[in-house]
Amino acid sequence: MKTNYPIYTIKQECQDCYKCVRVCPVKAIRVEGGHAAVISENCVACGMCYQVCPTHAKHVRNDIEKVKNLISGGAKVYASLAPSWAGILDCSVSRVAGMLKKLGFAGVSETALGAQQVSAACAEFLNSAKPGVYFSSACPVCVDYISRYKPEFKKFIVPYSSPALTHAELLKQTYGPDIKVVFIGPCIAKKNESDTQEDLISAAITFEELKKWLFEEGIDLLNSPQGEEGFVPEKSSDGAVYPLEGGMLRSMRRNGLKEDVNLITVTGLKNFCRTLDSLKEQSVDRVCFVETLACPGGCIKGPCPGGEVSALNAFLGVEKQFDSSIQPVMTAKYKVPLAFGGDEAPEKKFTEDEILSALAKVGKFTVDDEINCDGCGYNTCRNFAHALLEGKAEPAMCVSYMRKRASRKSNAILRCIPSGVVIFNSELEIIESNLPFAKIAGQDIEELYEQIPGLKGAALGKILPFEMIFRRIFKDGKEIHKERTPFGKKLLDMTVFPIEEGQTAGLIVQDVTKNELHREIIAQKAQEVLRKNVLAVQEVAGRLGENIAETEIILNYITEGFGPEKK
């Protein structure tokens, strides 16, 4: 378990559902022994796997202790509070600033101040840029995606770093280079940003972590008293709308961006991936800027808000903090150069023979076998085969393969069982049966079995006239035993049992006619032997009685001969 990366898996809690594989845009998940783990060198920390994990096996690295150590170590620690706080924390400026001061922060400042600087710098850059497409650098997930998976587009990212890093530089220049800056927001990827740019951001915690910390300290987020605290060194203006779709574009217009610069917003990492895949550089004949945000709907929909957040309330909360009376920056004072944190993701290429060999391992030998069902988490069977060859996936992840394998095993078991076996549904339609059952049912059914293996779809109640018994299993759900039940000239022993409640049931049936006939013959033989034994005993008893009488007469005679003479 690798817990030093921002996202990791608790192996014991992972239930091999492959949901994380399914939603991961870059398939940065390795499945081993049915358990899914994040591949850090491939991951862009979008947090989608964390959000969808049904068993909460995915965890986000907790950096609260790191922040506490910074504070207890005597350093002046300033909070860089993401502008989405206004829509997620649902409290006033004085309250949120006061709570953070109680935790030990020397001051609380809005990351939006850095956002304004980035807007001004980008507007200046784009106003003199050559025709072409340019991407924002505000979202670390999108920047990492380009760096790892589309390095050919690096040159199209505006050359300025994110609002968080720019804000950290602003705070250090304002309060001194020795201060420590801690970012607080809904973003997991900011932890990667702080890991690679620790000289600017010492640590990054999520709103989820912040809420837990406040709870541990007994500070009520919603009902703590209002104070006189405020943001330092000043309140932001248009940078406050950065968490919203199009927020950066609004800010850039206010900071002097020319009207002839075309502006587009793309939110959602999957949408961004598709945008890059379809982009044709030569077709862009004007200056076009793309605001890129990995979270659908913007940063207010970040992966770690610390609870359910209404999109509408979050939007209104953020909009409320926008103060149009504050003059825009226009000329950026702080321009932090863009630094790429993620290296290009390793890519392995395989031959067609290797791909076909991998497909064969999961029972796919023809194109028709490649059903591309997405059950394994990969869009196509070939993508899955590629993952198998990379060691990121296991054959057991293929649903169709495992279903066929289970079916073969169950069919083999059915064929080997000497008793008749039937699996049927609530409509009394046969799902599967074996040959011994067909033989018990009669010559006609045995011939039908040769035409329709397993008798799939046949009406069980018409084959065996015990429909009431079969229906009762779905009503009562209790196992039913019937012994020596007449069926034509046969006697049957039957056991009916539920498999899926109200859905499927099973029947085991045995022809005990010969056993009963054999039992009758044995009974007749036993009765004959018993009769002969009784006659023999009677004869012996009779003879024994005669012998006893004769013996008694002789003994009496001898006794009388040796006794005293009679007078």
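Annotations
Matching residues to (1) small (Gly, Ala, Ser); (2) open to solvent by 80 Å² or more (accessible area, probe 1.4 Å); (3) part of a loop (DSSP other than H, G, I, E, B); (4) modelled with pLDDT of 95 or more:
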site	(1), (2), (3), (4)
Ile431	no, no, no, no
Glu446	no, no, no, no
Gly454	yes, no, no, no
Lys462	no, yes, no, no
Met468	no, yes, no, no
Thr485	no, no, no, no
Leu491	no, no, no, no
Lys514	no, yes, no, no
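- Subset of the range 354-370 (residues that are among the β-branched types (Val, Ile, Thr), surrounded by 15 or more Cβ atoms within 10 Å (Cβ to Cβ) and out of contact with any Cys (no Cβ under 6 Å at 6 or more places or on another chain)): Ile355
- Here the condition is being open to solvent by less than 20 Å² (accessible area, probe 1.4 Å) and among the hydroxyl-bearing types (Ser, Thr, Tyr); of Ser278, Ser251, it holds for Ser251 alone.
- Any hit, the range 248-255, residues being of a type in the set (Gly, Ala, Ser), out of contact with any strand residue (DSSP E or B) (no Cβ under 8 Å at 6 or more places or on another chain) and under 30 Å from Ser147 (Cβ atoms): yes
- Test: residue in the range 94-115 that is within 22 Å of Pro303 (Cα to Cα), open to solvent by 10 Å² or more (accessible area, probe 1.4 Å) and touching a residue at least 40 places away in the same chain (Cβ under 8 Å): no
- Total residues in the range 270-321, condition part of a helix (DSSP H, G or I), in contact (Cβ under 8 Å) with a residue 24 or more places away in the chain and among the hydrophobic types (A, V, I, L, M, F, W, C): 9
- Residue in the range 333-351 that is free of Cβ contacts under 8 Å to residues at least 24 places away in the same chain and under 24 Å from the mean Cα position of the chain (by Cα) present: no
- All positions within the range 1-10 that are open to solvent by less than 30 Å² (accessible area, probe 1.4 Å) and either hydroxyl-bearing (Ser, Thr, Tyr) or part of a strand (DSSP E or B) (or both): Tyr5, Ile7, Thr9
- Within the range 218-269, the set of residues being under 24 Å from Ala294 (Cα atoms), polar (S, T, N, Q), part of a loop (DSSP other than H, G, I, E, B) and out of contact with any helix residue (DSSP H, G or I) (no Cβ under 6 Å at 6 or more places or on another chain) comprises Ser237 only.
- Within the range 322-372, being part of a loop (DSSP other than H, G, I, E, B), in contact with a Lys or Arg (Cβ under 7 Å, 6 or more places away or on another chain) and farther than 29 Å from Pro243 by Cβ holds for Glu344, Gly363, Glu370.
- So Ala396, is it within 22 Å of Gln510 (Cα to Cα) and open to solvent by 30 Å² or more (accessible area, probe 1.4 Å): no
- Considering the range 25-36, and only residues there that are assigned to a loop (DSSP other than H, G, I, E, B) and farther than 18 Å from Tyr149 by Cβ, the residue that is most open to solvent (accessible area, probe 1.4 Å) turns out to be Gly33.
- The listed residues are Ala406, Ala438, and the only one of them that is closer than 27 Å to Ile371 by Cβ and without any contact (Cβ under 8 Å) to a residue 40 or more places away in the chain turns out to be Ala406.
- Checking Arg415 against (1) more than 30 Å from Glu193 (Cα to Cα); (2) open to solvent by less than 80 Å² (accessible area, probe 1.4 Å); (3) in a helix (DSSP H, G or I), the condition it does not meet: (2)
- Residue that is nearest to Cys142 (Cα to Cα), among those in the range 11-24 that are part of a loop (DSSP other than H, G, I, E, B) and at pLDDT below 95: Tyr18
- Any chance Phe437 is open to solvent by less than 70 Å² (accessible area, probe 1.4 Å), closer than 30 Å to Val496 by Cα, touching a Leu at 6+ places or on another chain (Cβ under 7 Å) and aromatic (Phe, Trp, Tyr): no
- Restricting Cys381, Cys373 to those that are surrounded by 20 or more Cβ atoms within 10 Å (Cβ to Cβ), under 22 Å from the mean Cα position of the chain (by Cα) and closer than 24 Å to Ile29 by Cα reduces the list to Cys381.
- Qualifying residue in the range 127-138 (condition: farther than 26 Å from Lys333 by Cβ and either open to solvent by 20 Å² or more (accessible area, probe 1.4 Å) or assigned to a helix (DSSP H, G or I) (or both)): yes
- All conditions in (1) assigned to a loop (DSSP other than H, G, I, E, B); (2) closer than 16 Å to Pro305 by Cα hold for Cys49, with the sole exception of (1).
- Taking (1) modelled with pLDDT of 90 or more; (2) touching a Ser or Thr at 6+ places or on another chain (Cβ under 6 Å); (3) open to solvent by 50 Å² or more (accessible area, probe 1.4 Å) in turn, Tyr334 satisfies each apart from (3).
- In the set (1) open to solvent by 60 Å² or more (accessible area, probe 1.4 Å); (2) modelled with pLDDT under 90; (3) not in a helix (DSSP H, G or I), Arg408 fails one condition alone, (3).
- Picking from residues in the range 37-75 that are among the small types (Gly, Ala, Ser) and open to solvent by 10 Å² or more (accessible area, probe 1.4 Å), the one that is nearest to the chain's Cα centre (by Cα) is Ala37.
- Sole residue being open to solvent by less than 30 Å² (accessible area, probe 1.4 Å), in a loop (DSSP other than H, G, I, E, B) and within 22 Å of Pro243 (Cα to Cα), chosen from Cys91, Cys122, Cys142: Cys91
- Among the conditions (1) within 21 Å of Gly87 (Cα to Cα); (2) in contact with a Leu (Cβ under 8 Å, 6 or more places away or on another chain); (3) not in a loop (DSSP other than H, G, I, E, B), Ala204 misses just one, which is (2).
The values are calculated or read from the model by the stated rules, or taken from the named source; none is laboratory data. What you are looking at is a predicted structure, and each value in this text was computed from that prediction instead of being measured. No Cβ is skipped: glycine too gets one built from the backbone with ideal geometry, and neighbour counts run over all protein chains shown. Heads up: the accessible areas ignore ligands, DNA and RNA and are worked out on the full protein's heavy atoms, side chains in. Shrake-Rupley method; radii C 1.70, N 1.55, O 1.52, S 1.80 Å.
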